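Take a look at the structure below.
The values are calculated or read from the model by the stated rules, or taken from the named source; none is laboratory data. Note that the structure is a prediction, hence the values are computed from the model and not measured. Cβ atoms come from the backbone with ideal geometry, glycine included; neighbour counts cover every protein chain shown.
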């Protein structure tokens, strides 16, 4: 492998590490929610209780402040990844596009976090505005994860023979369905936090129909129903991919395994009355499934012959190989 190829190999590894770290920050954000620590710094942002470093923090302040620190570090990692990509790749390389998108989604992520804090849409707030922002927040985190992952995938393009526009469109639809499922899951998780389920509760208690019940309680069963229907389509996409040549086959098998595991965890989450730790595990698996979809889409959406076959891109691909 040439020196240039080694640089690309390092970039791919760095992009993978940034992606994994970003998922870790997302999971920590979920821990902030389940512990009710979102108001740990009051309505101050980016400061904490008006201080750069809180001098007399309680446990919720520590949790929220730590989340802000890890989020800030994630921003530095993504910025560093973008700088490295622009320094080491030629003009017009797809990795540059995804690095820019990652930066934009990161900025939006910070703004959404600021909105939640500045408008008091945290802790025990049960407003519909919070529900909307939480759903948008989740979709944005998925796009952020996809963008950082695609930086690495763009540095190692799928073989031209893997390109399949029809399968790519079906995978795109599966990804859109999955984003909807995850957004509804974020709303359901918020409801489970604000209105905890009694262990072993009946279906009636899981989703009370009484008008006096909060809407987050009344819609609790919608997410699992939509998840089951949507997962069937995603599973079919994975099964079709699993019968294709590599690397599509590997991505399809991962997708199948992820969907089956996520469905099992979803059932367990309901059966255990949505404990905090299970919500975190459920969210972690959701990100695993999402990465599988991103990888599969990248395999199907191989670079067009005109770009992949140009002398510049052929040289890059030879060095990477």
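Brief remarks follow.
- Residue match in region 41-55 (condition: assigned to a helix (DSSP H, G or I) and either modelled with pLDDT of 90 or more or surrounded by 15 or more Cβ atoms within 10 Å (Cβ to Cβ) (or both)): no
- Among the residues making up region 80-99, a single one is out of contact with any helix residue (DSSP H, G or I) (no Cβ under 7 Å at 6 or more places or on another chain) and within 30 Å of residue 31 (Cα to Cα): 80.
- Of the helices (runs of 4 or more DSSP H) lying entirely inside region 107-213, those carrying at least 2 residues that are modelled with pLDDT of 85 or more, surrounded by 16 or more Cβ atoms within 10 Å (Cβ to Cβ) and not assigned by TED's automatic domain parsing to the domain that holds residue 226 are 128-154.
- Residue 191, sole failed condition from (1) without any contact (Cβ under 8 Å) to a residue 40 or more places away in the chain; (2) within 12 Å of the chain's Cα centre (by Cα): (2)
Yes/no per residue for (1) surrounded by fewer than 20 Cβ atoms within 10 Å (Cβ to Cβ); (2) under 24 Å from residue 302 (Cβ atoms):
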site: 9; (1), (2): yes, yes
site: 13; (1), (2): yes, yes
site: 22; (1), (2): no, no
site: 72; (1), (2): yes, no
site: 75; (1), (2): yes, no
site: 79; (1), (2): yes, no
site: 91; (1), (2): yes, yes
site: 99; (1), (2): no, yes
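- Residue 38 closer than 17 Å to residue 137 by Cα, assigned to a loop (DSSP other than H, G, I, E, B) and touching a residue at least 40 places away in the same chain (Cβ under 8 Å): yes
- Residue within region 284-299 that is buried (at least 17 other Cβ atoms within 10 Å of the Cβ), modelled with pLDDT under 90 and in a helix (DSSP H, G or I) present: no
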